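Worksheet: the structure to be examined is printed underneath.
The values are calculated or read from the model by the stated rules, or taken from the named source; none is laboratory data. Only a predicted model underlies this, so the values are computations on that prediction, with no experimental measurement involved. Positions of Cβ are generated from backbone atoms using ideal geometry, with glycine treated the same way; all protein chains shown enter the neighbour counts.
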Amino acid sequence: MNFLVIGDVVGRSGRIALKENLNKIQKQFNIDFTIVNAENSAGGYGLTGKIYEDLINWGANAITLGNHAWKQKEIIDYMEKNPNHNIIRPLNFEIGSPGKGFKIFTHKNGKRILVSQVHGQTYIDLPLDNPFNSIDTQLLSIINDHNIDYSFLEVHAEVTSEKNGIAQNYDGKFTAIYGTHVHIPTADARVLERGTCFQTDIGMTGDYNSVIGMKKENAIKRMRTGSNEHRLEPAEGAATVSGAVITADKDRKNSIQSIQIGGVLDSNLLS
Ligand SMILES: [Fe+2]
Ligand SMILES: [Fe+2]
């Protein structure tokens, strides 16, 4: 099967690029299942019910979040009112947090797909359980006991070392482990020694003529002054859809390819 994972969709520009390109990418790479990170999709901060439904209508199958998960409070109500939603938040959010950290999907071909997300702890100012403990206690038995054919672990984390540590530790346990949150794609997409596809960060779906998706002027003012009084807003130029295509079959070798479509990082992969 062919899977598409898309990095953090940032604001309107990111949403427009996804809407215009998702079907084309799915056709080009013969995609069977798509996971989209939408933690920055609503004005750069969080996700709304309306945007969630748009993303699903445009072709996403599962939506992941991150540190900005609840910036739009309405998404918590939306999840409660729509219990069959396909939204996945970090598994290691503190006990009692809304939502869920993984979901099992059954594809129309009968294959069972686990989608999950954990949050890194380094340089992250959130109450989080240790991601290794959460994976050990909540995910590994699910993969073993529930006839999972393909499993995806998204590591939403600030530092590359933590993402690499988690990936190396769980190499062979998941079909793919990939990072989000940094908003810049890394050039290390590869298959690890025990067969898990890995990329430290799959980048953002946003305007790269910016500071990680936000208008550069105020982002730079913040850095120069050390003051947060300058408001950060999503950049409005053409966005690049950034992510990875993962091919996995029980009897074939897995593969992963980083993709950038449109905007200033376009790698001319669409025919
Ligand atoms: Fe993000
Ligand atoms: Fe994030």
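Out of curiosity, is Ile135 at pLDDT below 95 and touching a Phe, Trp or Tyr at 6+ places or on another chain (Cβ under 9 Å)?
When the stated conditions are applied, Ile135 does not pass them.
Grab the helices (runs of 4 or more DSSP H) fully contained in segment 1-115, keeping just those with 1 or more residues being under 21 Å from Asp125 (Cα atoms).
74-81
Can you name the residue in segment 29-38 that is buried (at least 24 other Cβ atoms within 10 Å of the Cβ) and among the hydrophobic types (A, V, I, L, M, F, W, C) and, of all such residues, is nearest to ligand 2 (Cβ to nearest atom)?
Ala38
Results for (1) more than 30 Å from Lys173 (Cα to Cα); (2) modelled with pLDDT under 95; (3) within 16 Å of ligand 2 (Cβ to nearest atom), shown as yes or no for each residue.
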{"residue": "Leu192", "(1), (2), (3)": "no, no, no"}
{"residue": "Gly203", "(1), (2), (3)": "no, no, yes"}
{"residue": "Met214", "(1), (2), (3)": "yes, no, yes"}
{"residue": "Arg224", "(1), (2), (3)": "yes, no, no"}
{"residue": "Ser227", "(1), (2), (3)": "yes, yes, no"}
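Filter segment 39-84 down to residues that are away from ligand 2 (no atom under 16 Å from the Cβ) and of a type in the set (S, T, N, Q) and give me whichever is surrounded by the fewest Cβ atoms within 10 Å (Cβ to Cβ).
Among residues in segment 39-84 that are away from ligand 2 (no atom under 16 Å from the Cβ) and of a type in the set (S, T, N, Q), the one surrounded by the fewest Cβ atoms within 10 Å (Cβ to Cβ) is Asn84.
Can you tell me which of Asn147, Asn164, Asn169 is in contact with a Phe, Trp or Tyr (Cβ under 9 Å, 6 or more places away or on another chain), surrounded by fewer than 17 Cβ atoms within 10 Å (Cβ to Cβ) and closer than 22 Å to Gln117 by Cα?
From the options Asn147, Asn164, Asn169, the qualifying one is Asn169.
Tell me whether segment 248-264 contains one or more residues that are more than 26 Å from Tyr178 (Cβ to Cβ) and touching a residue at least 12 places away in the same chain (Cβ under 8 Å).
Checking segment 248-264: not a single residue is more than 26 Å from Tyr178 (Cβ to Cβ) and touching a residue at least 12 places away in the same chain (Cβ under 8 Å).
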